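As structure tokens, the structure follows; a few thoughts come after it.
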Amino acid sequence: MRDDLWLNQRFEKIWDLLFADVKKLNNVVVRFKGNWRNKFGHIRKLNDDSEIAVNGAFKDERIPEFIIDLTLAHELIHYMHGFSSPHKRMFRYPHQNKAVDNELKKRGFGYLKRLERKWIKEDWVRLRNNL
């Protein structure tokens, strides 16, 4: 079973390899949290820290790793755009003008976004009812 240590290692690898240009301006806490049916993750401020929470159901190894990687990258893009982080806010709304999707594509996640849509349609609905 996956745990918070595993998740943090994944997150650090993604940041180091694909987001090295994004400065870490505060402590970023990454953890599995909740068991949401319609949400993969979120970012929020915790005092001076930023918390990235990934759906606790994703501890289950039936969830593909690329779904977790994409969720972490998605939340890291919110961080770099100034949502729940000390970075300057770049947009009024977090998904304005497809800012997150465009950044994911720019950083090489376009293919995984297509796989994610297919996975959600074919597998997520069935899996979430059995987790």
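Taken together, the values in this text are just the output of simple stated rules run on the coordinates, not laboratory data. What you see is a predicted model; the values in this text were computed from it and never measured. FYI the Cβ positions are ideal-geometry reconstructions off the backbone, even for glycines, and counts take in every protein chain you see.
Points to keep in mind about this one:
- Whichever residue in segment 73-131 is of a type in the set (Ser, Thr, Tyr) and not in a helix (DSSP H, G or I) and, among such residues, is surrounded by the fewest Cβ atoms within 10 Å (Cβ to Cβ): Tyr93
- Against the criterion of being among the aromatic types (Phe, Trp, Tyr) and within 14 Å of Ala73 (Cβ to Cβ), Phe32 does not qualify.
- Counting only residues that are touching a residue at least 60 places away in the same chain (Cβ under 8 Å) and touching a strand residue (DSSP E or B) at 6+ places or on another chain (Cβ under 7 Å), segment 13-34 holds 1 of them.
- For segment 18-72, taking the residues that are of a type in the set (S, T, N, Q) and buried (at least 20 other Cβ atoms within 10 Å of the Cβ), the one that is farthest from Glu103 (Cα to Cα) is identified as Asn55.
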